[in-house]
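Here's the structure we're looking at; comments come further down.
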Amino acid sequence: MRHLRLPGIAGRVEYAQLLHDASEVRPLALVGRRVPGRGGVAGPGQDAVEANEDGGAMGDDVRLGVIGFGLRRSLAVAAHRPGAGSRVVAVCDLDEQVRAGEAATFGAELVTADYHDLITAPGVDAIIVNTPDHTHEAIALDVLRGGKPVYVEKPLGITIEQCDTMLRTARQTGTRIYVGHNMRHMGVVRLMRDIVARGDIGTPQTVWVRHFVGHGGDFYFKDWHADRRNTTGLLLQKAAHDIDVLHWIAGGYAQQVQALGDLKVYGDLPRRAPGEPKPDDWLSPATNWPPRSQRDLNDVVDVEDVSLVNMRLDNGVLAAYQQCHFTPDYWRNYTVIGDAGRLENFGDGPGDVVKVWNAKRSGYRPEADIEYRVPDSGGSHGGADPKIIAEFCRFVREGGATDTSPVAARMSVAAGVQATKSLRDNGRPYEVPPLDPDLVDYFARGQVER
């Protein structure tokens, strides 16, 4: 739909089609099944097309194994589309009851507590890693070395070194790696990025992001997230999404960071004993308010519940990110200011709006020059989960460019790690180390050698 730029006239635009939506423009169906070995082609000793036991070509669904069914279980639900591109055929979780329940839900052919079984199973084409952050590296390295494409939930790792090791191993083995930054498939994010890419606010000069984490006490202080040994900190774990989006919209990566933060509310509230499970009503917005009324927190709580970071990007853009885990509301607010206007989102889900002021200077004007409606979309995370799974499955089959980026995933972790160091060092500025240029080039080519 054409952009309307009408000085002095407030307009409302229905933004009906997302640009570059690989899940809609690239077909999943193939004749037969490509075996996703190293480099996404047939591996040593494998034929390009497998056959069923009766000799016929196998179906078109990518057969997925899922490791971990915790808070990101919704990704497995989005991935299970029998006959429509992908299905969950293998379930792995350490909890016996979870395994049994998920096996019944998905009709899984393989049910195990040992993720190595998924790597060696001939009936599994690709693997989704949905485990706690500190386990990503070990599992992903085993999957990569086993020659199966891997989807690693964000953040890629909890240290810069972990991320670099995974990316180097992906190149050394020729196995495809994909990182689950699903916000790149959220309607509000793609809408804001397209507005910026069209030049509607000129060239971006500064980006401000505020993240109101209304259920932060429930989601991030009652389990492993609250222990910095598992996450480094929430300025990495939770902020990795927004830092990645900020980088994507602004067109550059953080080069220098300076941060402040503290454990203001949840540090002295009652905790569970080590090993004691969360109570059934751990997520109860109606009763867990105000925040200081929270109980049954994780036995270790040593991550910050409020943090602020300033960033200088390598293209000169100045950016700021703020995160608070004890607000009453739960949403993200982005402001992007260019040299010819600014945009801001009001709400971050389908049906919410992104406003653009680009026609004139004035005082406060609640009516923007243009309003864009965030498009409707079905599925979890504002419709992002089905889209990112579709892109991953296309990548498993065909390779090529993707909207998510392993390099960008590494850079969001690097910025988060260095920002966490800064806030724990009285706000001292830290440089963000770049990735090896050879690895940058490899992933820019779509994970193929020259």
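Would you tally the net charge around G214, using a Cβ to Cβ cut-off of less than 14 Å, leaving G214 out, and scoring K and R as +1, D and E as -1? Residues close to G214 contribute a combined charge of -1. Modelled spin-label separation between W289 and D117, with each label point placed 7 Å from Cα along the Cα-to-Cβ direction: 4.3 nm. Note on S380 and T159: their simple-model spin labels are 3.0 nm apart, each label 7 Å out from Cα toward Cβ.
Cα centroid separation, the range 378-450 to the range 111-131: 23 Å. Over all other residues within a Cβ to Cβ distance under 9 Å of L167, the charged ones net out to +1, with Lys and Arg as +1 and Asp and Glu as -1.
Take every DSSP beta bridge whose two residues both sit in the chain; close to 55 percent of them are antiparallel. Multiply the residue separation of A444 and A84 by 0.36 nm, subtract the distance between their alpha-carbon atoms, and state the gained length in nm to one decimal. Residue separation times 0.36 nm, minus the Cα-Cα distance, leaves 126.7 nm. Which one of A108, A254, H185 has its Cα pushed farthest toward the positive end of the charge dipole of the chain, where Lys and Arg give +1 and Asp and Glu give -1 at the Cβ? Comparing the listed Cα positions along the dipole, A254 ranks first. Between R184, R81, R410, the GNM of the chain built on Cα springs shorter than 10 angstrom shows R81 fluctuating the most.
Within the same chain, lysines fewer than 8 places from K387 are excluded, and of the rest, those with a Cα less than 19 Å from its Cα are K154. Cross-link partners for K360 among the aspartates and glutamates, with Cα-Cα distance under 15 Å and sequence neighbours closer than 8 places in the same chain left out: D200, D339, D369. Taking Cα centre as origin and charging only the Cβ of basic (Lys, Arg, +1) and acidic (Asp, Glu, -1) residues, the dipole magnitude of the chain rounds to 1300 debye. Entry for the chain at q = 0.06, 0.12, 0.14 Å⁻¹: log10 I(q)/I(0) = -0.26, -1.08, -1.41, Debye formula applied to identical alpha-carbon scatterers, no solvent contribution. Neighbours of D93, meaning other residues whose beta-carbon lies under 13 angstrom from its beta-carbon, give a summed charge of -2 when Lys and Arg score +1 and Asp and Glu score -1.
No value in this document is a laboratory result; all are computed from the given coordinates. From a predicted model like this one, the values you see are computed outputs, not experimental measurements. All Cβ positions, even for glycine, are placed from backbone atoms using ideal geometry, and neighbour counts span all protein chains on display.
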